[in-house]
Amino acid sequence: MAASAHRSTSTSMALSLFLLTTIAFSSVTAQSPSSPSCASHTFSSSQLYGSCATLPHLGTTLHYNYTAAGNTVSVAFRAPSKGGGWVAWGLNPNGTGMVGTQAVVAFRHSNGSLVAYPTVLDSYAPSMAPADAAELGFPVSDVAAEYAKKGGEMVVYATVALPGKGSKFNHVWQQGSSVVNDVPAAHPTTGDNILSTGAIDFSK
C-alpha cells in the first residue's frame with residue numbers, strides 16, 4: 001500500500017515536471033505576432049506597422065499592415081547585413097520552399113546606391129534579375145530599401161496584392177553574403193539558410 005502510494009506520488013511529480021517543462025519550452029519557441037521585441041522598433045520614415053513577427057531563422061523580422069478590404073499587405077522585412085550582401089523576402093502561394101516564390105530582394109549596387117526590386121525564384125539557381133509586371137504572379141508595388149547602419153541591418157519595403165482570397169501564406173526569407181556584377185550570388189545551402197521558411201497569417 002505504501003509502495004503503491006509512493007509510486008503514485010512519483011508519477012504525479014514526474015507528470016507535473018513534464019508539463020511544466022513542455023509549457024516553458026512552448027513559451028520560448030512559439031512565435032507570437034507583435035511581440036515586444038519587434039513591436040517597439042522605430043523606422044527612419046516613422047512608418048508604423050500594426051503587426052510584426054520575429055522570424056525563427058537568420059535573425060530576421062517581418063513587420064506588416066494587412067488591409068482585408070483589398071487583401072493587400074504592406075511589409076517591412078529587416079535582416080542583419082554588413083552592407084555588402086543581399087536580403088530577400090517573398091511569398092510562395094503554391095509550395096513551402098524556395099522554388100515558386102515571388103520575392104523582393106535588396107542589395108547595394110556597385111555605384112553605391114541601394115537597389116530593391118521584385119524577382120521570381122523559378123528554380124534552385126534563379127537569375128535574381130528584376131521581374132516586370134508581366135512576369136509576376138501577383139502585383140507588387142512600393143518596393144524600396146534602406147540600410148540602417150546603427151543596427152547593421154537591411155530593410156526591404158513592399159506592398160503586395162495577395163493572390164486568392166485568403167490571408168494565410170507560405171513565406172520564404174533569405175540573405176546572402178555577396179553580390180557579383182550587381183547580381184545577388186548564391187546563399188549558403190546549410191544551417192539557417194535552408195530552414196528560413198514558414199507560414200504566416202497576415203490577419204493576425
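What does region 53-188 give for Rg and for Dmax, in Å, if only its C-alpha atoms count?
Looking at region 53-188, its Cα Rg and Dmax stand at 14.0, 41 Å.
Considering only C-alpha atoms, what is the centroid distance from region 85-103 to region 108-142, in Å?
Cα centroid to Cα centroid, the span is 11 Å.
Can you list the lysines whose alpha carbon is less than 24 Å from that of residue 82, not counting same-chain residues fewer than 8 positions off?
Partners found: 149, 150.
Rounded to the nearest 0.05, what FRET efficiency is calculated for residue 177 and residue 57 with R0 set to 22 Å and r the Cβ-Cβ distance?
Rounded to the nearest 0.05, the efficiency is 0.90.
For residue 168, list the lysines whose Cα falls under 24 Å from its own Cα; do not include residues on the same chain fewer than 8 positions away.
Here the lysines satisfying the reach criterion relative to residue 168 are 204.
Hey, what D do you get for region 82-123 in µm²/s if you plug the Kirkwood alpha-carbon radius into Stokes-Einstein at 10 °C and 1.306 mPa s?
It comes out at roughly 143 µm²/s.
For residue 190 and residue 134 in the same chain, what is the full-extension length gain: residue separation times 0.36 nm, less their Cα-Cα distance, in nm?
Length gained between residue 190 and residue 134: 16.8 nm.
Using only the Cα atoms of region 71-141, what are the Rg and Dmax in Å?
12.6, 37
Where a number appears in this text, it was derived from the coordinates with a stated rule and is not lab data. Keep in mind that what you see is a predicted model, and the values were worked out from it rather than measured. All Cβ positions, even for glycine, are placed from backbone atoms using ideal geometry, and neighbour counts span all protein chains on display.
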